[in-house]
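Here, each number is a calculation from the coordinates, and none is a lab measurement. Note that this is a predicted model, so its numbers are computed, not measured. Every residue, glycine among them, receives a Cβ derived from its backbone with ideal geometry; neighbour counts consider all protein chains shown.
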Amino acid sequence: MAPEQEGGRRFDRHYLLPITYALTLTASYPVLLWLGRHALAALAVAESLPFWEPALFRLLLAGGLLYALFLLLLGAANAICSFRMAQRGEIRFCINAMLILKYGLIPFFLLNCLFGLLVCLAFFVGTRGTILFAFPVTVPFLLLAVFSVWATLLPGSFYGLQVVRLGIRQGKLAFPAAIFHLLLQFTFIADVFDAMYLSTKKWGMGKKSAAAVCMVFLLGAAAVVPAALHRL
């Protein structure tokens, strides 16, 4: 088998890691909502029993924990893969994997933002605004929620880290600029645009996908901003 074919086959196999992580994480909200709905139904059937008693509830809880564990293992596998590919000097793979995760997780973060707003609105309406007085108490929980969501971008950020490292090695990035890009890779929203810049400007890759993502952002802004201004 020719070296090019071997390399292509190896890349195809390893691309499954970022693709699977992006798909699994994006599907987490529908899956968790399904599990939560059936868990509540299981509790309603056995109102007189402690919450840990119903077998169906325990099964659904175990399913949620296994799903979270699977995501954690996928994230760790992507981090390990990023270091291995960087050690081999596979810059194209690192860039493509970074873009798969940065662009591919945009739907997840949009869903997460929408879900967070709905939860805050539900608490505000349900408590008739009195939840604001409990804000100091809820701060640790809010910080934990933000940290949990931030942690989900780490697999893509590890690929971004390798892109920056290889950029220094190849002379495409000076050390001060590399530090700046590294910080952006671990920052909400900025990481997407930084990945776009690194791939298109420094390596001339992913121009079509970058144009598509920019178009989505522009269309989203065109739809959201006028509606927000109209409500004001």
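Which residues in segment 90-123 have a backbone N closer than 15 Å to a point placed 7 Å from the Cα of Gln170 along the Cα-to-Cβ line?
The answer is 90-99, whose backbone nitrogens lie closer than 15 Å to the label point.
In sequence order, what are the phi-derived ³J(HN,Hα) couplings for segment 165-175 according to the Karplus relation 6.51 cos²θ - 1.76 cosθ + 1.60 with θ = phi - 60°, rounded to whole Hz, with x for glycine and proline?
Karplus-based 3J(HN,Hα) across segment 165-175 equals 4, 5, x, 5, 4, 8, x, 8, 10, 6, 4 Hz.
Once the piece of chain linking Leu16 and Lys201 is laid out straight, how much longer is it, given 0.36 nm per residue of separation minus the C-alpha distance between them? Numbers along the way, then the final one.
Values: separation 185, 0.36 × 185 = 66.60 nm, distance 2.61 nm.
Separation in residues times 0.36 nm, less the Cα-Cα distance, equals 64.0 nm.
Using mean Cβ contacts within 10 Å as the protection proxy, how do 185-195, 59-69, 91-101 order, highest first?
On the way: 185-195: 18.7, 59-69: 13.7, 91-101: 23.8.
The densest-packed peptide leads the list: 91-101, 185-195, 59-69.
If the chain between Val146 and Leu110 were fully stretched, how many nm would it gain, using 0.36 nm times the residue separation less the Cα-Cα distance? Numbers along the way, then the final one.
Details: separation 36, 0.36 × 36 = 12.96 nm, distance 1.40 nm.
Stretched out fully, the Val146 to Leu110 stretch lengthens by 11.6 nm.
What does the highest-first list of 154-165, 207-218 look like by mean Cβ count within 10 Å?
Details: 154-165: 25.3, 207-218: 13.4.
Top to bottom by mean Cβ count within 10 Å: 154-165, 207-218.
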